[in-house]
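To keep things clear, I will list the structure first and then write my remarks on it.
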Amino acid sequence: QVQLVESGGGLVQAGGSLRLSCAASRSVWGINSMGWYHQAPGKQRELVAAISSGGTASYADSVKGRFTISRDNAKNTVYLQMNVLKPEDTAVYYCNFRVRILPTTREADYWGQGTQVTVSS
């Protein structure tokens, strides 16, 4: 079983920055994509950013131009650099690894434990 360990959340003022990290507890083969989701109180979990095995990144419209996702394949780690933070970014942030179940083509999702990001106005 793969465990994902997140770090980097906290309290920041509007306009500030935070960097989230998510590392796997062991080497993982067949990672198709890595991503970050957030979930605000009373709302559904939403995709914030994702990055493919080839390095192609995609973002929710609400964070484009402010957030950057990156990955270090050698370290099985994904990062989310969050700049110009807004109060509406306040949420619990979860990392996700979508992993191919070798030798099939099926996929499995692994999730981090979540880290709180709070942006004060």
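The values are calculated or read from the model by the stated rules, or taken from the named source; none is laboratory data. Everything quoted here is computed from the prediction, not taken from an experiment. Neighbour counts run over all protein chains shown; Cβ positions are idealised from the backbone, glycine included. All accessible areas refer to the heavy atoms of the entire protein, side chains included, with ligands and DNA or RNA removed. Shrake-Rupley method; radii C 1.70, N 1.55, O 1.52, S 1.80 Å.
Assorted remarks:
- Label-point separation in nm, Ala108 to Ser27, each point 7 Å along Cα→Cβ: 1.8
- Selection from Val84, Ser53, Pro103, by position along the positive dipole direction of the chain (Cβ): Pro103
- Under a model in which nothing but the beta-carbon of Lys, Arg (+1) and Asp, Glu (-1) is charged, the range 20-121 shows a dipole of about 180 debye around its Cα centre.
- The range 35-81, accessible surface, carbon-and-sulfur percent (1.4 angstrom probe): 47
- Here the 3J(HN,Hα) profile of the range 44-56, calculated from phi with Karplus coefficients 6.51, -1.76 and 1.60 at θ = phi - 60°, is 7, 5, 10, 6, 9, 7, 9, 9, 7, 4, x, x, 7 Hz, Gly and Pro shown as x.
- Averaged per residue, the range 1-96 has 52 square angstrom of accessible surface, using a 1.4 angstrom probe with ligands and nucleic acids left out.
- Across the chain, the relative contact order, built from alpha-carbon pairs under 8 Å that are at least six residues apart, equals 35 percent.
- Taking a point 7 Å from the Cα of Arg45 along the Cα-to-Cβ direction, the residues of the range 92-116 with backbone N closer than 17 Å to it are 92-100, 107-116.
- Value of Rg/Rh across the chain [Cα atoms, Kirkwood radius]: 0.97
- Label-point gap, in nm, between Ser17 and Ile101 - each point 7 angstrom along Cα→Cβ: 4.1
- Based on C-alpha pairs under 8 angstrom that are at least 6 apart in sequence, the range 6-70 has a relative contact order of 20 percent.
- 3J(HN,Hα) couplings calculated from phi for the range 113-121 with the Karplus curve 6.51 cos²θ - 1.76 cosθ + 1.60 (θ = phi - 60°) are, in sequence order, 7, x, 9, 7, 10, 10, 10, 8, 8 Hz; Gly and Pro show x.
- Over the Cα atoms of the range 10-61, the radius of gyration divided by the Kirkwood radius equals 1.02; this is the Rg/Rh ratio.
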